[in-house]
Amino acid sequence: MCGITGWTDWSRDLGEQRSILERMTRTLAPRGPDAEGLWLSRHALLGHRRLAIIDLENGAQPMLAEAGGRVALTYSGEVYNFRELRTELQRLGHRFETRSDTEVVLRAYVEWGEAFVERLNGMYAFAIWDLRSQELLLIRDRMGVKPLYYFPTSDGVVFGSEPKALLANQLVPRKVRADGLREILEMVKTPGHAVFDGMREVMPGEIVRINRQGLGRRHYWKLEAREHEHSLDETIRHTRDLLEDIVDRQIVADVPLCSLLSGGLDSSIITALASKKLLA
């Protein structure tokens, strides 16, 4: 699962704020019980709690890349087409030091810039700090499987996988207004909003860019409604192909896997397909 957090500020030296970053990062320990990582620079801090799944020994984060200046990444989730992207990047001259999908995401950004995210197939939430442009990118997967919250400040932003990571920073008020209270009591979720006042959620398929000029947002993907023209047999065949491909990609792991069965049709199908793949 993993947990990410961080802080950018252009008005102070954040390299002196290690204790605050430690406090923010440790709130996410249940999301990542295997390891903790911190990265500090003058205007950006990144924290990471790791649940090790792929490349247990070498996938530590935050991860850095040299690209005419440093690029740093803190990442939660999994990119399922990382092997294909890795092969493509190797052909372009990239040399990899790990087997992790994290390094693939990092080097994909170095190679293709912000447009790299359109090549990713997976569930993810991550932050990239680019020292060359002095910018922070907050990016969330297309369907919003992985959470990512942020709180704009007067000179930057505080972010994290869960609100409690942000609340561990003294700049983020512990305040809930009427709209937030309504969401709690009515058990509803307004996309882009958080329960706490001033806090926001990166939208599914969204990139949030933070630099000295301020904060900007754009969607790199949106769900579109299209007319369904396939026959019943074509629909069944296409659905089966998609399910088999999805399961095949999501069982890549360097640790034992398990399946939680609810007794319903969906979990039973997924378990059967995974068993078939693993025992083949």
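The values are calculated or read from the model by the stated rules, or taken from the named source; none is laboratory data. In this text the structure is predicted, and so the values were computed from the model without any measurement. Here Cβ is always computed from backbone atoms with ideal geometry, including for glycine, and neighbour counts include all displayed protein chains. Note: areas computed on protein heavy atoms with side chains; ligands, DNA, RNA excluded. Shrake-Rupley method; radii C 1.70, N 1.55, O 1.52, S 1.80 Å.
The candidate values were (i) 64, 41, 38; (ii) 60, 52, 36; (iii) 48, 39, 39; the one computed from these coordinates for Cα extents along the principal axes in Å carries the label (ii).
Can you tell me what percent of all Cα-Cα pairs in the range 31-85 are more than 18 Å apart? Percentage above 18 Å: 39. Note: the range 1-142, Cα convex hull, 101 Å³ per residue. Share of Cα-Cα pairs in the range 55-103 beyond 12 Å, in percent? For the range 55-103, the fraction of Cα-Cα distances above 12 Å is 67 percent. Pick from GLU234, GLU57, GLU88 the residue whose mean-square fluctuation is largest in a GNM of the chain, springs joining Cα atoms under 10 Å. Result: GLU234 has the largest fluctuation of those listed.
When the accessible area of the chain is computed with all protein chains present and a 1.4 Å probe, what percentage of it is carbon and sulfur? All intermediate terms of the calculation are to be shown ahead of the outcome.
Numbers: 7630 of 14810 Å².
Reported share for carbon and sulfur atoms: 52 percent.
Relative to the Cα centre, the charge distribution of the chain, modelled as +1 at Lys and Arg Cβ and -1 at Asp and Glu Cβ, gives a dipole magnitude of about 720 debye.
By the gyration tensor of its Cα atoms, with a ≥ b ≥ c the square roots of the eigenvalues, what is the shape of the range 185-280: rounded for a/c under 1.5, prolate for a/b over b/c, or oblate? It is prolate, given that a/c is not under 1.5 and a/b is the larger ratio. Across the range 83-127, counting alpha-carbon atoms alone, Rg and Dmax equal 9.9, 27 Å.
Send over a whole-number figure in Å² for the accessible area per residue of the chain, probe 1.4 Å.
Numbers: 14810 Å² over 280 residues.
Heavy-atom SASA per residue in the chain reads 53 Å².
Total lysine pairs in the chain at Cα distances under 27 Å, for residues eight or more apart or on different chains: 9.
Entry note, the chain: the mean residue ellipticity at 222 nm calculated from DSSP H runs of n ≥ 4, each adding -39500 (n - 2.57), is -8500 deg cm²/dmol after division by the residues and rounding to the nearest 500. Candidate membrane-span-like segments in the chain, meaning DSSP H helices with Cα atoms spread over at least 20 Å of their own axis and a Kyte-Doolittle mean of 0.5 or above, are 265-279, with no membrane implied.
Here the range 126-248 is described by how far its Cα atoms reach on the three principal axes: 58, 45, 27 Å, from widest to narrowest.
Counted over the range 163-217 with a bin width of 10 Å, the fraction of Cα pairs per bin, in whole percents, is 21, 45, 31, 3.
If you find the alpha carbon centre of the range 246-280 and of the range 13-51, how far apart are they in angstrom? Result: 33 Å between the Cα centres. Of VAL71, VAL195, VAL117, the residue with the greatest mean-square motion in the GNM of the chain, using alpha carbon springs below 10 Å, is VAL195.
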